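Worksheet for the structure shown next.
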Amino acid sequence: MSPLDYPDPAERLAADETDRALAQLLGDYVTRRAHRTTPEVLDLLTAAGEHGHQAISQMRDLIAFYEALHPGGAS
């Protein structure tokens with residue numbers, strides 16, 4: 001998303017906050033997979049849901065993309 005997509009600075013800040021939250025959640029997922037512990041995907045999706053329904057969809061996409069890049073599992 002470009003800054004031009006959000007004419008209102010408050011909306012721009014909210015998008016940045018959501019992006020940071022999703023990055024942190026994906027980092028948690030990757031760390032759990034790397035340590036071969038249960039990824040707790042439902043917990044991560046619930047946390048993403050605190051930022052709206054679109055964030056849940058984005059989190060699912062991020063997890064699917066990560067898994068597509070690592071088809072043999074985390075090393």
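Just need a number here: residues in region 28-42 that are among the hydroxyl-bearing types (S, T, Y), free of Cβ contacts under 8 Å to residues at least 24 places away in the same chain and surrounded by 12 or more Cβ atoms within 10 Å (Cβ to Cβ). Step through it out loud before you land on a result.
We begin by selecting, within region 28-42, every residue among the hydroxyl-bearing types (S, T, Y); these are 29, 31, 37-38.
With free of Cβ contacts under 8 Å to residues at least 24 places away in the same chain added as a condition, the list becomes 31, 37-38.
Those left that are additionally surrounded by 12 or more Cβ atoms within 10 Å (Cβ to Cβ): 31.
Residues in region 28-42 being among the hydroxyl-bearing types (S, T, Y), free of Cβ contacts under 8 Å to residues at least 24 places away in the same chain and surrounded by 12 or more Cβ atoms within 10 Å (Cβ to Cβ): 1 in total.
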Condition check for A21: over 10 Å from the mean Cα position of the chain (by Cα), among the small types (G, A, S) and open to solvent by less than 60 Å² (accessible area, probe 1.4 Å)
no
Is it the case, given these coordinates, that T46 is of a type outside the set (D, E, K, R), touching a helix residue (DSSP H, G or I) at 6+ places or on another chain (Cβ under 9 Å), open to solvent by 70 Å² or more (accessible area, probe 1.4 Å) and modelled with pLDDT of 95 or more?
yes
Which ones in region 49-75 are within 21 Å of T18 (Cα to Cα) and open to solvent by 90 Å² or more (accessible area, probe 1.4 Å)?
E50, H53, Q54, R60, D61, F65
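The values are calculated or read from the model by the stated rules, or taken from the named source; none is laboratory data. All of these numbers come straight from a predicted model, not from anything done at the bench. Neighbour counts are summed over all protein chains in view; Cβ atoms, including those assigned to glycine, are modelled from backbone coordinates with ideal geometry. Just so you know, the surface numbers come from the protein's heavy atoms only, side chains and all, with ligands and any DNA or RNA stripped out. Shrake-Rupley method; radii C 1.70, N 1.55, O 1.52, S 1.80 Å.
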